[in-house]
Amino acid sequence: MLLSGPLAAQPIKPSNDPVNFQAKQLSHDDAAQTVTAIGDVELTQGQKILRADKMVYHLDTDTVQAIGNVSLMDDEGDVHFAEYVELTKDMKNGFVQGLLSLLADGSRFTATEGRRQNGTKTTMTDAAYTACHVCEADPRPLWQIKADKVVHDETDHSVSYKNARLEFAGVPLAFAPIFSHADPSVKRKSGFLRPTAGFSSRLGTFAQGGYYWNIRPDMDATLQLKPTTLEGVLAQLQWRERFKNGRIEFDFSGAKSDRKEEDGTTTQSVSRGSVFGNGLFDLSSTWRAGFNLQRVSDKEFLRLYDISKQNVLDSDIYAERFSGRNYTRMSAIVFEDVRLGPRPKQPDVLPMLDSRFLGEPAGFLGGRWTLGGNLLGLRREASAQDVHRASLDLGWQRRDIFSSGIASLISLQGRGDFYDVRQSDAAKLNPLLDPDTQKLRGMGVASAVFSYPLVRRMSDMQLVVEPIAGVSVSPLIDENDTDIPNEDSIDTELDANNLFSDNRFPGIDRQEDGARANYGVRIGGYGDNGRYAKAFIGHSYRFQNDAAFPTGSGLENHSSDVVGQIDVGLSKYLNGDYRFQVDNNLTVRRHELQAVVGNDTISADTRYIYIDNIAGTGFTEPRQQVEFGGKYHFKTNWWVTGDTLTDMGEEPGLRKASFSLNYADECFSFTAEGVRNLLTDVSGDGGTVLLMRVGFKNIGEFSAPNIQLTTRDSTTP
């Protein structure tokens, strides 16, 4: 017979939750003040559940003895198994023999015996801990820590060991008389970080380790040291803090080592370093302010110590306002170019103000109005060109879809610009020109774009063919006016994304004038299963050839280059994106190809870029390179990756190659990586690097590497 029910009438210790028994047999001994339950016994109190073959509840001492096949699930979701358990004080204190604890994250403890105090501290003897899954067929985990004594403190969220031995696949690897780490529930806790080690032809043999300091819930710091045999010791400090209305973060790096100069000389034992920082603060419901700080002592430092691959560092301070569809940003920016070779100094942007205001859709005359203002100041060193510019633009745009299916986009744009130029570069080339000039310029453009999408439904896909054509008209302007410098419209590029733009120059300083017609066609097939294939081809014709587009841009003649794109996506591992630009003689100006092919076991990707030189950009020869990458998952949890980058331009050859061997499961990760950079040593990128990383879940830093192969961003190298 199954008996169950609350023991509310018994004199147990007061608790917010009642204690309930459930068992096949239940007996009460008044003399001994005990309640004995036998057969599938279950005791519950709140979220705690205790099961056993037999339980004896001592009413006078509020103690429960559980005997045989004991299991206890606590309110944290952890499950504990034992042969004998004795619990007191609402199951917060106890003694256990033959313990096996399965924690909520999959980790486990085993021990000969253990004691629990106040429901928060468990002390185990002859114990072991592992974060690995253990199967019945092979009860030996991949790794475990054995110790004479283990203390799990849930208040301090720590696990400490006495005479700890680390075993990997049953083989002892390390011993520590005292060792501790955070328990699995901790996301942030002070402690030592996982070390890494490797070899670099530039740095020599190196190792890296650090300490994370959880100062308080809203502040922490990380200190890391990277001693090397050839380039001294790199010290790094990261400090982060959150406030009620914002956050702030700083990263400092410093070392004392030899520095290779661009002229081939070496400066001995110099102090070098970098600082990166950022902050963001909410000033009100519509305003926020922030800053970014990026500075370095020399061009080689960041790449030499593998801190950053950035080519140009920018430091700025800014304030932003968000109000409905309107946006305003004020900022000041300072640049630092860390690329090799003689390069003109980047101007400081002091100040920059940009405001955009948007009307309601389908508002004024059935369309939407726009209003924008821009202030820009470019300041350089003494005797170099300084530019101050003020701009105001007003626009209106309307979209319609007619009953015939034709879609239209009509827009009107007008703008005015005022320039104040000091120490003009044009005057340095022509002494007859005034070096200090002021200029007021106006421009307007009217445009219309029409498309006629034709849709046909098939059995399991949809086919779309969309011819598109447009015309833009602007008054002619003097493109040879030397009073207006070209600061932001040098690197002009024609592609499928800007073919129908009112102004194909990338900035404000140059404006496209005259009348031009643009036309193309989009074709696409879209499967119900998510697969797709789409293509676009387009062309532009200028009726006046007055715009000062640079040679090689594809827009320098009446008839533009032909641009297009083919994009195919058949699955996660089978997709490609091809973009092209050819002139009227079918000479290639630009090729860009990205493709991925394979499956979950083996996959490969490639990226090929060819870009012809464009006058005025500083590139005097075509740029051409190809990159291949691949992944082979040769065994469960094991895979290899490889990557090569080859220059196919005027000086062809391999530029970079890498290979890595990786392993990851639920509790352990391993990576061995080799990288070879065939670049100049002065850049800091050259040389060979060998690196090994090992991670033990909950002991050292742990993150399973992302093994999915994805298409790279289509950016120009």
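Taken together, the values in this text are just the output of simple stated rules run on the coordinates, not laboratory data. The structure presented is a predicted model; accordingly, all values stated were derived computationally and were not measured. Cβ sites come from the backbone with ideal geometry, for glycine too, and all protein chains shown count toward neighbours.
Computed over region 411-534, the Cα gyration tensor eigenvalues convert (square root of 5λ each) into semi-axes of 44, 16, 10 Å, ordered from largest to smallest. Please give the FRET efficiency for Glu336 paired with Thr601, using the beta carbon to beta carbon distance and R0 = 60 Å, rounded to the nearest 0.05. Efficiency for this residue pair is about 0.85. Computed with the Debye formula from one identical point scatterer per Cα of region 531-614, without solvent, the log10 of I(q)/I(0) at q = 0.15, 0.17 Å⁻¹ comes to -0.64, -0.75. At q = 0.19, 0.30, 0.31 Å⁻¹, what log₁₀ I(q)/I(0) does a Debye calculation on the Cα points of region 84-124 give, no solvent, two decimals? So the normalised log intensities work out to -0.54, -1.05, -1.08.
Here the spin labels are modelled as points 7 Å beyond Cα on the Cα-Cβ line, and at Gln33 and Arg329 they lie 7.5 nm apart. Computing FRET efficiency as 1/(1 + (r/R0)^6) for Lys256 and Asp643, where r is the C-beta to C-beta distance and R0 is 35 Å, gives about 0.60. Relative contact order for region 3-187 using alpha-carbon pairs under 8 Å, separation at least 6, rounded to a whole percent? The value is 10 percent. Here the gap between Asp488 and Ile178, fully extended at 0.36 nm per residue and compared with their Cα-Cα distance, gives a gain of 105.4 nm. Here region 570-667 is assigned +1 on the Cβ of each Lys and Arg and -1 on the Cβ of each Asp and Glu. Its dipole about the Cα centre then comes out at about 120 debye.
Once you reduce region 487-514 and region 77-119 to the center of their Cα atoms, the two points are 70 Å from each other. In summary, the convex hull built on the alpha carbon positions of the chain has an orientation-averaged projected area of 44.4 nm². Per residue, the convex hull spanned by the alpha carbons of region 305-456 comes to 237 Å³.
Full extension of the chain between Leu394 and Phe291 gives 34.0 nm of extra length, using 0.36 nm per residue less the Cα-Cα distance.
Each part gets one Cα centre, and for region 34-49 versus region 260-290 those centres are 63 Å apart. As a length-normalised measure over Cα pairs under 8 Å and 6 or more apart, the relative contact order of the chain settles at 5 percent.
Note on the chain: with charges restricted to the Cβ of Lys and Arg (+1) and Asp and Glu (-1), its dipole about the Cα centre is near 580 debye. When the charge dipole of the chain is built from unit charges on Cβ atoms (+1 for Lys and Arg, -1 for Asp and Glu) and taken about the Cα centre, the candidate among Val171, Leu394, Leu678 whose Cα reaches farthest toward its positive end is Val171. By the rule of a second cysteine Cβ within less than 4.7 angstrom, the chain holds isolated cysteines at Cys135.
Other residues lying with their Cβ under 14 Å from the Cβ of Gln346 contribute a combined charge of -2, Lys and Arg counting +1, Asp and Glu -1.
For the pair His558 and Ala448, label points projected 7 Å from Cα toward Cβ lie 2.3 nm apart. Along its principal axes, region 397-449 has C-alpha extents of 62, 18, 12 angstrom, given from the largest down. Projecting the Cα atoms of Thr328, Asn245, Gly525 onto the charge dipole of the chain, computed from C-beta unit charges around the Cα centre, puts Asn245 farthest toward the positive end.
Take the Cα of Asp481, step 7 Å along the line toward its Cβ, and report every residue of region 398-435 whose backbone nitrogen sits under 18 Å from that point. Answer for region 398-435: 413-422, 424-427, 433-435. For region 502-518, list residues with backbone N below 19 Å from a point placed 7 Å from the Cα of Lys439 toward its Cβ? Answer for this model: 503-514. When the charge dipole of region 68-144 is built from unit charges on Cβ atoms (+1 for Lys and Arg, -1 for Asp and Glu) and taken about the Cα centre, the candidate among Phe95, Phe81, His133 whose Cα reaches farthest toward its positive end is Phe95. Projected label points at His133 and Trp213, each 7 Å from Cα along the beta carbon direction, are separated by 4.0 nanometres.
Separation of region 334-375 from region 195-259 is 36 Å, based on Cα centroids. Annotation: extensible slack from Leu678 through Tyr578 equals 33.2 nm (criterion: 0.36 nm per residue apart, minus Cα-Cα distance). Between Leu230 and Thr125, the C-beta separation translates, for a Förster distance of 35 Å, into a calculated FRET efficiency of about 0.15. Under 25 Å between alpha carbons, and skipping anything fewer than 8 positions from Lys631 in its own chain: which lysines qualify? The reachable lysines, counting only those whose Cα sits under 25 Å from Lys631, are Lys309, Lys572, Lys656, Lys697. Judged by the gyration tensor of its Cα atoms, with axes a ≥ b ≥ c, region 3-187 is prolate; a/c meets the 1.5 cut and a/b is the larger of a/b and b/c. Placing +1 on each Lys and Arg Cβ and -1 on each Asp and Glu Cβ, with no other charges, gives region 397-570 a dipole about its Cα centre of roughly 1000 debye.
Short-range pairs are left out: with C-alpha atoms under 8 Å and at least six residues apart, the relative contact order of region 116-165 is 37 percent.
Taking the average, over residues, of other Cβ atoms within 10 Å as the packing measure, peptides 260-270, 656-666 rank 656-666, 260-270 from highest down.
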